[in-house]
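The block underneath contains the structure these notes are about, expressed in structure tokens.
The values are calculated or read from the model by the stated rules, or taken from the named source; none is laboratory data. Bear in mind the structure is a predicted one, so any value in this text is a computation, not a measurement. FYI the Cβ positions are ideal-geometry reconstructions off the backbone, even for glycines, and counts take in every protein chain you see.
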Amino acid sequence: MSSFKEIVTKAVIGKAKKTTTNSFYLTPEETPNTVLGCWVINNKFSGSKSNNGACVVNGSFDVNVWYSYDADKKTAVTTQNFNYTDTLKVPLKENYNLSDASEIIVRCLKQPTVTDVKIDNGNVLLDIEKELGVEIVGDTKVKVSVEDEYDDYDEIVDDEDIEVNDNYLEDSSEN
């Protein structure tokens, strides 16, 4: 005969990913002639719940742009910090709601990278692509079957039937 027990545990109740491309303007001190290289570093982010039930990811990263100026005779590197906000509507498994007790885990699946760069009126126009993954962890219940008649204890049997030689040490020293 078996019965059922409910175990309350944490589980992933929603999971989604989103790829975004955003444009940013960077204004260097000198008027650039040519962009020689650019890279994105220091990507930091965190997730939270919005009022409409979606997940909001707020983050920032630094962009370094190496460029030439003065008729391509000199080079310089400029750095600027950019903030971003992405909203992800994560579909939840049936019968679950996003609550204050839910944990939002954000992962960067693809680091921000510059996909296109142009010089526009002395500014550098950057297209930056990134991919974020969000998991929502919440409380859930699991039903398990419990066997009432099953006894998983090992039986300990007293060793009363074993004869012990009290003179073992004396007997072994004679040999």
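The listed residues are A76, A11, and the only one of them that is in a strand (DSSP E or B), at pLDDT below 95 and surrounded by 12 or more Cβ atoms within 10 Å (Cβ to Cβ) turns out to be A11. Within the group N58, N64, which residue is closer than 29 Å to Y96 by Cα and at pLDDT 95 or above? Going through N58, N64 in turn, the sole match is N58. Restricting the range 21-35 to residues that are exposed (fewer than 15 other Cβ atoms within 10 Å of the Cβ) and not small (G, A, S) leaves a set whose member that is nearest to K93 (Cα to Cα) is T21.
Given the criteria among the aliphatic types (A, V, I, L, M) and in a loop (DSSP other than H, G, I, E, B), does L98 qualify?
yes
A single member of K44, K5, K10 is under 26 Å from the mean Cα position of the chain (by Cα) and in contact (Cβ under 8 Å) with a residue 24 or more places away in the chain, and it is K10. Suppose the filter is in a loop (DSSP other than H, G, I, E, B), over 43 Å from the mean Cα position of the chain (by Cα), farther than 30 Å from K89 by Cα and modelled with pLDDT under 70; does V164 pass it? The answer is yes for V164.
Screening A71, A101 for residues that are among the hydrophobic types (A, V, I, L, M, F, W, C) and more than 21 Å from the chain's Cα centre (by Cα) leaves exactly one candidate, A71. Assess whether E6 counts as being of a type in the set (D, E) and in a strand (DSSP E or B). Spelling it out, E6 is indeed of a type in the set (D, E) and in a strand (DSSP E or B). In this entry, E6 is excluded by the filter for residues that are charged (D, E, K, R) and out of contact with any strand residue (DSSP E or B) (no Cβ under 6 Å at 6 or more places or on another chain). Taking the range 71-99 as the range and being farther than 23 Å from N123 by Cα and small (G, A, S) as the test, only S99 passes.
The set of residues in the range 36-65 that are among the β-branched types (V, I, T) and either surrounded by 19 or more Cβ atoms within 10 Å (Cβ to Cβ) or closer than 17 Å to K110 by Cα (or both) comprises V40, I41, V57, V63, V65. Within the range 105-143, being among the charged types (D, E, K, R) and either surrounded by 12 or more Cβ atoms within 10 Å (Cβ to Cβ) or in contact with a Leu (Cβ under 7 Å, 6 or more places away or on another chain) (or both) holds for R107, K110, K118, D127, E129, K130, E131, E135, D139.
With the structure loaded, tell me whether T19 is under 30 Å from V117 (Cα atoms), at pLDDT 95 or above and within 20 Å of the chain's Cα centre (by Cα) or whether it fails that test.
The answer is yes for T19.
Within the range 53-81, residues that are under 30 Å from K93 (Cβ atoms) reach partners that are among the acidic types (D, E) with beta carbons closer than 8 Å, at six or more positions or on different chains, in the pairs V56/D86; V57/D86; G59/D86.
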